[in-house]
Amino acid sequence: MSQFAIIATIAAYILLMMAIGIYYSKRGNDTSEDFFLGNRKLGPLVAAMSAEASDMSSYLLMGLPGLAYISGLADVGWTEIGLALGTYLNWLIVAKRLRRYSIKLGAITVPDFFSKRFHDDSHVISCIAALIIIIFFIPYTASGFKAVGTLFSTLFGADYHVSMLIGAAVIISYTILGGFLAVSTTDLLQSVVMTIALVAIVFFGISTAGGLGVVLENARALPGYLSMTQTYDAVSGTASAYGPITIVSTMAWGLGYFGMPHILLRFMAMKNEDDIKMSRRIASVWVVVSMFIAIMIGIIGYSCSVNGSIPLFTNSSDSETTIIKLAQLMANNGILAAVMAGLVLAGILACTMSTADSQLLAAASSVSQDLLQGFLKIRLTQKQSMTVARATVAAIAVVGLVLAWNPNSSIFNIVSFAWAGFGGTFGPLMLLALFWKKTTRSGAIAGLITGGATIFIWKYLVRPLGGAWNIYELLPAFILAGIVTVIVSLLSGKTNESIEKEFSEI
């Protein structure tokens, strides 16, 4: 009976998401602005919660608890601090300016904004930016599909690959049907489901572990587990230093927000810029609370392993199933508990769907609007543009499925690389484009290329050297891209007077 209740709850959730897609498919997705920005109609609550739900992805309920379980507080703690600061500052200094500027320019995508901001008639900037979006959104989307496969294979013993394909089909369907408004509305509902999941599992976990005192006692027994300057090594059973360089590197996660296309699009889509203050407060509080609870779940999960309630995990891939194992345990306590367990597991789907749908939509807009119509200058009717956008959603999803085919890959590591990609390329340019009128087209192109190249070079050539070089690739990419953009802008001569005038007016 408990298994049936779980399946019924998850099925009801999936059907609701599909219904929203069908509903918005009948409410006017006739133009690109409707499909990609919802005709700029987002209110403060939907904007805030859809932005943060699409931000959190599967790492909120799987990645963060898994990392906390396996290594303790330091890594996830400094990550949360960085992300909380990044969320607040992004809403504070970027949201209003970007909304106002994008409306003035008539830009409906992030690459489109960059292109029009620098009067790039050749659309080289939008082409480079669109390619960056495609390159980094594919692995990001793959992490979501991986989470779906892991969920159902762990929960029901279903085949990982079949589970992943079914989950992907649902996400693709309502994204293609309803566009931006469907994605944003489902993200709002998904944030509610995610919140219920977090709260329910943390209280159940504490009870199962034997109380908060037992949880803390077990955590203190592991060297460095609860320290913010040390981290626990599960392989050796010892503590290792977590020094200032590593702390700064980890907090650099917060810089990523300035370059996240799926979040920036929410700013561009808001109905009223006066609502931004309210959205900022809602988003900031939800991010801090949800990540704190997710970290607690990982630490609580370890105590549940100690008393034998769930298996003892020894690697990050397995530890990311902590919340799934706790939900399965919860389901054994009656029909109501099984329904709540179903909501918890639906929360994992919510994390996945809320990010994957937004990423697919942003990538589709880049191909249809920026590559085909902008750079290649292929004239498409509104109907043809919508067809291309929907086909792109499906094509990118297929590539993401291929990358997620390995069930042993780590969600946290996949998200980490994709997050760095956007933060290190778009982040510096977005800030300079909004705050420095002397930024030039040449500087923008140089900065985008520098940021993208640094991500790969640092990740695969420099960081493996270890020691002081073991810095999260987002930080050096962000710094270098920003410096190069400024230098090239200064060297490229006087900026266009019409661009400066436009900047000053906005």
Search result, residues across region 281-340 that are surrounded by 20 or more Cβ atoms within 10 Å (Cβ to Cβ), in a loop (DSSP other than H, G, I, E, B) and not hydrophobic (A, V, I, L, M, F, W, C) = GLU320, THR321
remark   = Only unsatisfied item for SER290, checking (1) at pLDDT 90 or above; (2) within 16 Å of SER50 (Cβ to Cβ); (3) within 17 Å of the chain's Cα centre (by Cα); (4) among the polar types (S, T, N, Q), is (1)
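Is it the case, given these coordinates, that THR425 is assigned to a loop (DSSP other than H, G, I, E, B) and in contact (Cβ under 8 Å) with a residue 60 or more places away in the chain?
Considered against the rule, which asks whether it is assigned to a loop (DSSP other than H, G, I, E, B) and in contact (Cβ under 8 Å) with a residue 60 or more places away in the chain, THR425 comes out as no.
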request  = Mind listing just one residue for me: the one in region 461-506 that is hydroxyl-bearing (Ser, Thr, Tyr) and touching a Gly at 6+ places or on another chain (Cβ under 9 Å) and, of those, modelled with the lowest pLDDT?
outcome  = SER492
query = Would you pick out the residues in region 190-242 that are closer than 23 Å to GLN328 by Cα, outside any helix (DSSP H, G or I) and either touching a residue at least 24 places away in the same chain (Cβ under 8 Å) or within 26 Å of the chain's Cα centre (by Cα) (or both)?
reply = GLY210
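Per-residue answers, yes or no, for (1) closer than 27 Å to PRO407 by Cβ; (2) modelled with pLDDT of 80 or more; (3) surrounded by 24 or more Cβ atoms within 10 Å (Cβ to Cβ); (4) of a type in the set (Ser, Thr, Tyr):
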| residue | (1), (2), (3), (4) |
| --- | --- |
| ASP112 | no, yes, yes, no |
| LYS116 | no, yes, no, no |
| CYS127 | no, yes, no, no |
| LEU131 | no, yes, no, no |
| ILE134 | yes, yes, no, no |
| THR150 | yes, no, yes, yes |
| ALA158 | yes, no, no, no |
| THR185 | no, no, no, yes |
| GLY205 | yes, yes, yes, no |
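Considering each of SER416, SER409 in turn, give the residue that is surrounded by 15 or more Cβ atoms within 10 Å (Cβ to Cβ), modelled with pLDDT under 95 and in a helix (DSSP H, G or I).
Values: SER409 fails: in a helix (DSSP H, G or I).
Just one listed residue meets the conditions, SER416.
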remark   = Here the residues within region 455-506 that are part of a loop (DSSP other than H, G, I, E, B) and either surrounded by fewer than 17 Cβ atoms within 10 Å (Cβ to Cβ) or under 25 Å from the mean Cα position of the chain (by Cα) (or both) are GLY466, ASN470, ILE471, TYR472, GLU473, SER492, GLY493, LYS494, ASN496, ILE506
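The values are calculated or read from the model by the stated rules, or taken from the named source; none is laboratory data. Source: prediction; values computed, not measured. Neighbour counts are summed over all protein chains in view; Cβ atoms, including those assigned to glycine, are modelled from backbone coordinates with ideal geometry.
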